[in-house]
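Novice: Quick one: structure below, then a few questions.
The values are calculated or read from the model by the stated rules, or taken from the named source; none is laboratory data. Treat the numbers as computed from the prediction; the structure is a model and nothing was measured. Methodologically, a virtual Cβ is constructed for each residue, glycine included, from the backbone with ideal geometry; neighbour enumeration extends over all protein chains shown.
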Amino acid sequence: MPPKQQKRRPGPIQISSPITRSPDGLLTPTREQAAQQLRYPAPASRSGSGSASPRTPTHGSAGGRGRNGRGGARGYAGYDEYDLSPTHAYLEAFDSYPSSPDPSHMPISPHPSSPAPIRSPTRSPFDSPSLNANEKDPLSSSADVSGRFGDNQFSSNHYLAPTLHPHGQRGRSAGFASGGSAVPPGKKYKSTRSCIPTNPTKRRWLFFGVPIALVVIAGIAIGVVVGIQKKPSSGSSSGSGSSTNGTSSGNGNGNTKGGTSNNNGVWNQYIQKASGGDGDTVTTDLGATFTYTNKFGGHFAQDPYNPYSVSGKAQSWSPSLLEEWVWGTHIARGVNLGGWLVTEPFICPSLYEPYQNSNPKAVDEYTLSQAMGKDLADKMEEHYRTFITEEDFALIASAGLNYVRIALGYWAVETIDGEPYLANVSWTYFLKAIDWARKYGIRIMVDFHALPGSQNGWNHSGKSGSVNWLYGVMGIANAQRSLETIRTITEFISQDGIKQVVPLFGLVNEVMAKTVGRDVMEKFYYQAYKTVRDVTGYGTGNGPILLMHEGFLGVAAWDGFLKGADRIGLDQHPYLAFGEVNTASHNDQAKVACSWGGGTNDSMTSFGIITGGEWSNAINDCGLWLNGVGSTPAFNSLGNCDTFDEWFNWSDDFKAGVKNYAMANMDALQNWFFWTWKIGNSTVKGYQTSPQWHYKLGWENGWMPTDPRAAGGFCKGIGIGGNQFAGTYPASATGSFASGATPSIDADQLASHTIWPPTTIGPSFSAAQVSLFPTLTQTGSRAVLPTQSHPANVTLGSGWANADDSVGAWVRVQGCDYPDAYDATAAAVPTALCTGSSKKRDIEHGFAIRGRGLPAPTAAPAL
C-alpha cells in the first residue's frame, strides 16, 4: 500500500450539492420546420499545437498546492450520485458545510410524460454537424411522435430554435452584408471574392488595364512611404504610446512590434474594411493571412473607419455584438486565454525554462521579470505578440465557442515602487483582443487576476508566497489600490462600443476566503460593487455584470449576499486535479462533474448568473510544473503521469473518456470557460505538455467535442439529474429595473457589509492595530487607459466613460513609509497614524495621468 498522502492545501472548490443542470428554453420545431433545416458539414480537422494549463503556487506553508495551489481535502476512487462532492469534503474538513445532500437529489429516469423516442431517418436540425457515437444527440426524436425539446438535456443547454437563429446555407450564415449586417430576404450572400467577367470588354480591362493601374498605384505608394518614413525611436516600448519620465502618453497607439502604430503618422495598411465567411481569406493587422474556416454559419467583419457599426458572428446560434445577449436563453461557452497577459510557468514553459538557473530563479511573473532584466520589454512583448494571435480568435469561433475570459494583472494599468513587471504593455494587447473579438463576434469576460500583494499566494497572482491582500499590515492599502484599478478598468469597458464586447467583469480571481476571512471578503465585494455602479449607474446595458469568485466556499454559501444588488453573479472553479491522489478514470469522474449541476441550478434560481469561470479535463495533477516550477506530481506515487502527459499515445478509448468528462462539465456548469485555450511547447520536453488542460489540442485531436452543444443532456444520459433551472433569473441579476430606478439591497446586508475599511484583519490584528495600518489617500490623479489605434478621422471614447466621476485616485500618502506590499504579514504595526505631507502624489508608473476634471479625449493620430 502506498504511503498516505499529506493533506494538500485547499484549492478550487466545487458547488455544494450533488444535483444536475438545465436547458435554455423549451422550443420544439414542427416536423415541417425540421424538414426545411439544413445541416452543416463537420469542421475540417486541424493541425497545430497549443496547450492548456492550470495555475500553480510554488511556495506555501499548508502543504502542496495544485493549479496555483488548488487542493482538495480528500481523494476518491469512485463515486455514485450519493457521494459527497470534493466541495463537500473540503468544507467538512474546515467545518464550513453550507448545505446537506438532499434525498431528492437522485438519478432521474425518463420523464413519465415524455413522448416515445423519435426515430427519424435524418438527424435533427439542432444536431451538431459532427455528432458521433461519443456525442449524445440532445434532441430525442422519432418518425411518428413529436418529442419535447429538452427531453434529452437540461434546460439551460439546448440548441436554439431555428426560428430564432436560422441556419443558413451549408457552411454559411443565413446571410450577411459587408459590415456584418443581415442580407435582405431573397438576396444571396455576396462573397468578398471577385469573379472573372464574361463581357469581352470588361475582360480586356481586367487583364490589361488593371495591372497597369496597379503598377502606377504601387509606384506612388512607395514614394509616399519613403517620403514620410521616420527612424524608430530608441529604447524599449511601453506598448502604450510615447513615454516621458516613465509616464505613458496614453494615446493607445503604442509602437509595438508589428502592431498598429500611428506614431509615424501612417495608418496600418492592413486594417481595412473587410468581411467574409467560411473559406475566405483574412489579413491580420500584421499583414499575415489565413483562411477563415467556420462550418457553423459564422462570419467576420471589421470597419476601422466606423468600428462599432459592425460585428462578426461566432456561429449562427450566437448573437453578434450588434444583437442582444439574453441570459437564460443564450449560453456562454468559452475558453480562458490563460498564460497570455498574466503568465504562468505551466502554460508557457518555454518562457520560463531559460531562467531556471538565473538569480532569481523564475517561478512566477515577478521573478521572471527580474530574471529577464534588460531583456524584459523585448522578451515579454514577444510573448504577448505570439502566444495568442488574431487567428486564435477565429479558431475559437470555429470551435463553436462564443466567449473568452482574459486575465489581467494590476500592472496592465500601473506599477509603483520598483515593482519589476512590464507596465502597461499587456493593456495594449488587451485592446487588440477587443478588436479581434468584435471582428469574430466573440464576447469577453475580463478577469482581475493578479492583485497588489497577492490575493492567494499562488504564482498566477503575480508573485507566489504569502497573501498580503486584505491580510497583514499592507492588506488595506493593497485593497484600496485594487479598488482604484477596478474603477479604471470599469471606466474603460463601460464606454459605448466597448461595453458590448466586454459585458462581464470578474472582480477578483480565486480569493482564499479561508485566509482572508469571509466577512472581510464580503466587505470588499460591496466596496467594489459601489465603485463600479458609481461609474456605470444601474440597469441593463449600464456597465458590466459583476462576477464574484466564491472564495472556495461553494456557491450555495453566498445565497442572499447583497440581495437586490444590480447585476452581480458568482464565479466557481471546480477542479478535481488537486485532491488526494486517486486513480478513477475520466468516465468515472464524469459522474462527479455531473453532480455539480444541481447546485448551480439552485444558485441561478435564487442568486443570479453563475459561471464556471475555470475548469479542465484534469483528474490528477499530472503535467509539467502544474504544481509550480520544479514540482513533482503527487500522482506519480500511485501511477505513471506519462499515461496522461503523452497525449500522442492516447488510444481512441482514452480520448473518448476524456471527452465524456469534458461534456459532463459543460452540461453541469452551463455557462463555462475551460482553462485554457492553449499551452505552449516545452523546450525541454519537446512537445505540448499538460494536455488535460489544453482545449485547442483536444479539439484538434479528438478529445474535445467539435461542437460543444453536443454536451446538452450528457448528465441526464448517464442517469444523473435533479433540480432544474427554468431559465429565469431574479430581476436584479439581469438589471431588469424600471427606467431610472435604483435597486434596493436588503437592509441587513447593508448593515453587515458597508463598514470600510474592515475593523479587523488577519492573521490576528485588532481594531486598534488596524486603525494604525498604512492606507492610501484619494487625492491622486487618475490613470486613464488608452484607446485602440484608429485612423485620424475616427473619434473613439476618451477612455473614461463617466464625465462626472472626478474623485481623485487612491495613492500613497506623501511622506509616509509603506512596508513591502508582498511581504507585510509580519511587519511591525506603526505606533502612530501617518498623515504625511499635503503634497499630492501621482501614480509613479502608469498610463496618462490627468487632473481631477474630465479627462481630455484621446487625440486622433494625424495621417
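Novice: Six or more apart or on different chains, Cβ under 6 Å: which pairs go from a residue in the range 742-762 that's closer than 16 Å to residue 538 by Cβ and in contact (Cβ under 8 Å) with a residue 12 or more places away in the chain to one that's in a helix (DSSP H, G or I) and of a type outside the set (Lys, Arg)? Could you list them?
Specialist: Filtered contacts from the range 742-762: 743/732.
Novice: Specify the residue that is modelled with the lowest pLDDT; the eligible residues are those in the range 583-633 that are among the polar types (S, T, N, Q) and surrounded by fewer than 23 Cβ atoms within 10 Å (Cβ to Cβ).
Specialist: 583
Novice: In the range 791-832, what residues are at positive phi and touching a residue at least 40 places away in the same chain (Cβ under 8 Å)?
Specialist: The answer is 799, and nothing else.
Novice: I'm trying to understand the selection: among the residues of the range 277-296, which are over 27 Å from residue 496 (Cα atoms) and of a type outside the set (A, V, I, L, M, F, W, C)?
Specialist: 278, 279, 280, 281, 287, 289, 291, 292, 293, 294, 295
Novice: Out of all the residues in the range 347-387, which are free of Cβ contacts under 8 Å to residues at least 40 places away in the same chain and of a type in the set (Val, Ile, Thr)?
Specialist: 386 - this is the single residue of the range 347-387 that is free of Cβ contacts under 8 Å to residues at least 40 places away in the same chain and of a type in the set (Val, Ile, Thr).
Novice: Taking only the range 656-708 into account, find how many residues are buried (at least 24 other Cβ atoms within 10 Å of the Cβ), touching a helix residue (DSSP H, G or I) at 6+ places or on another chain (Cβ under 7 Å) and either without any contact (Cβ under 8 Å) to a residue 12 or more places away in the chain or part of a strand (DSSP E or B) (or both).
Specialist: 3
Novice: Would you tally the residues in the range 787-833 being surrounded by 18 or more Cβ atoms within 10 Å (Cβ to Cβ) and within 25 Å of residue 460 (Cα to Cα)?
Specialist: 8
Novice: A further question on this structure: May I ask you to list the residues in the range 782-810 that are small (Gly, Ala, Ser) and assigned to a loop (DSSP other than H, G, I, E, B)?
Specialist: 789, 792, 797, 798, 799, 801, 803, 806, 808
Novice: Out of all the residues in the range 655-667, is one or more hydroxyl-bearing (Ser, Thr, Tyr) and in contact with a strand residue (DSSP E or B) (Cβ under 6 Å, 6 or more places away or on another chain)?
Specialist: So far as the range 655-667 goes, no, none of its residues is hydroxyl-bearing (Ser, Thr, Tyr) and in contact with a strand residue (DSSP E or B) (Cβ under 6 Å, 6 or more places away or on another chain).
Novice: Next question. Inspect all residues belonging to the range 435-453 and state whether any of them is surrounded by fewer than 24 Cβ atoms within 10 Å (Cβ to Cβ) and in a helix (DSSP H, G or I).
Specialist: yes
Novice: With 559, 571 as the choices, which residue is modelled with pLDDT of 95 or more and closer than 19 Å to residue 503 by Cβ?
Specialist: That would be 571, the only listed residue that is modelled with pLDDT of 95 or more and closer than 19 Å to residue 503 by Cβ.
Novice: Which members of the range 466-497 meet the condition of being under 16 Å from residue 535 (Cα atoms), of a type in the set (A, V, I, L, M, F, W, C) and out of contact with any strand residue (DSSP E or B) (no Cβ under 8 Å at 6 or more places or on another chain)?
Specialist: 492
Novice: Sort through 397, 450 and tell me the only one that's closer than 27 Å to residue 764 by Cα and within 15 Å of the chain's Cα centre (by Cα).
Specialist: On inspection, the qualifying residue turns out to be 450.
Novice: Listed residues 551, 599; which is farther than 30 Å from residue 494 by Cα, in contact with a helix residue (DSSP H, G or I) (Cβ under 8 Å, 6 or more places away or on another chain) and small (Gly, Ala, Ser)?
Specialist: One residue alone meets the criteria, 599.
Novice: What is the one condition in (1) part of a helix (DSSP H, G or I); (2) closer than 28 Å to residue 547 by Cβ; (3) in contact (Cβ under 8 Å) with a residue 60 or more places away in the chain that residue 411 does not satisfy?
Specialist: (3)
Novice: Inside the range 737-759, can you point out the residues that are assigned to a loop (DSSP other than H, G, I, E, B) and surrounded by 14 or more Cβ atoms within 10 Å (Cβ to Cβ)?
Specialist: 737, 743, 745, 746, 756, 757, 758, 759
Novice: Could you list all residues from the range 632-680 that are small (Gly, Ala, Ser) and either more than 25 Å from the chain's Cα centre (by Cα) or within 17 Å of residue 577 (Cβ to Cβ) (or both)?
Specialist: Correct list: 634, 637, 639, 651, 656, 657, 662, 664, 668.
Novice: I would also like to ask the following. Check whether at least one residue in the range 339-346 is in contact with a helix residue (DSSP H, G or I) (Cβ under 9 Å, 6 or more places away or on another chain), over 28 Å from residue 273 (Cβ atoms), without any contact (Cβ under 8 Å) to a residue 60 or more places away in the chain and crowded, with 21+ Cβ neighbours inside 10 Å, and report yes or no.
Specialist: Looking for residues that are in contact with a helix residue (DSSP H, G or I) (Cβ under 9 Å, 6 or more places away or on another chain), over 28 Å from residue 273 (Cβ atoms), without any contact (Cβ under 8 Å) to a residue 60 or more places away in the chain and crowded, with 21+ Cβ neighbours inside 10 Å, one finds at least one in the range 339-346, hence yes.
Novice: Then there is this: Identify, by number, the condition in (1) surrounded by fewer than 18 Cβ atoms within 10 Å (Cβ to Cβ); (2) farther than 23 Å from residue 695 by Cα that residue 386 doesn't meet.
Specialist: Answer for residue 386: the failing condition is (2).
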